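The values are calculated or read from the model by the stated rules, or taken from the named source; none is laboratory data. Nothing here was measured: the structure is a model prediction, and the numbers come from that model. Here the Cβ positions follow ideal geometry from the backbone for every residue, glycine too, while neighbour counts run over all protein chains shown.
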Amino acid sequence: MTRILIPLDLLDDTHPALVKAKLSFPEAQRFLLHVVQLPQATPPVGLAGVYGATSFSAEAEQQLVQEAKTALAALGEGEVVTSGQVVPEILRRAESGAFDFILMGTAGRGGLPRLVLGSVAEAVIRASSIPVITLRAVEAVSPQPTPVRRVWSCTTSRPLQTAR
């Protein structure tokens with residue numbers, strides 16, 4: 001049986017990656033991953049005047065995590081992680097050998113926003129040891145199963161050599 005890792009940024013049953021997995025891979029075992037990014041207790045160094053000090057109680061953190069676990073449980077089998085480090089958590093599971101591929105959404109940003117904010121999908125594609133299928137979040141998901149158009153798979157981190 002095919003095993004799919006589906007990282008979700010939003011816990012919603014209409015998430016394009018979740019819908020695509022159900023439609024295109026109905027017999028596959030789907031494992032959902034959501035990384036809760038807890039607010040920092042103190043602002044980044046040098047930015048205290050910009051952000052101001054914030055306090056985030058342990059009870060509020062527990063409530064946030066519990067809400068995420070409840071929402072995820074309604075969507076299917078999965079795990080909520082509170083490390084706040086999205087890419088390393090996805091890659092750790094990819095390297096475990098428990099999954100055949102990753103199916104994830106991407107915001108489809110380009111230019112300056114992508115340069116400043118980075119791309120989780122791009123980082124996962126570059127470093128993953130298993131194939132990664134990405135879907136743009138803005139793409140409409142057809143109610144009919146549609147073929148996957150592109151699959152990116154990196155099998156080595158060595159640069160390609162050209163013939164001389």
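The table below lists the values:
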| quantity | calculated |
| --- | --- |
| Every residue from the range 127-144 that is part of a loop (DSSP other than H, G, I, E, B) and either closer than 14 Å to Lys22 by Cα or at pLDDT 55 or above (or both) | Ser128, Ser129, Ile130, Pro131, Ala137, Val138, Val141, Ser142, Pro143, Gln144 |
| Every residue from the range 60-83 that is free of Cβ contacts under 8 Å to residues at least 24 places away in the same chain and among the small types (Gly, Ala, Ser) | Ala60, Ala73 |
| Meets criteria (in contact with a His (Cβ under 6 Å, 6 or more places away or on another chain) and modelled with pLDDT of 90 or more) for Leu72 | yes |
| Selection from the range 84-101 of residues that are in contact with a strand residue (DSSP E or B) (Cβ under 6 Å, 6 or more places away or on another chain) and farther than 9 Å from Leu5 by Cβ | Val86, Glu89 |
| Hits in the range 4-16 - residues which are under 10 Å from the mean Cα position of the chain (by Cα), among the hydrophobic types (A, V, I, L, M, F, W, C) and more than 18 Å from Ala98 (Cβ to Cβ) | Leu10 |
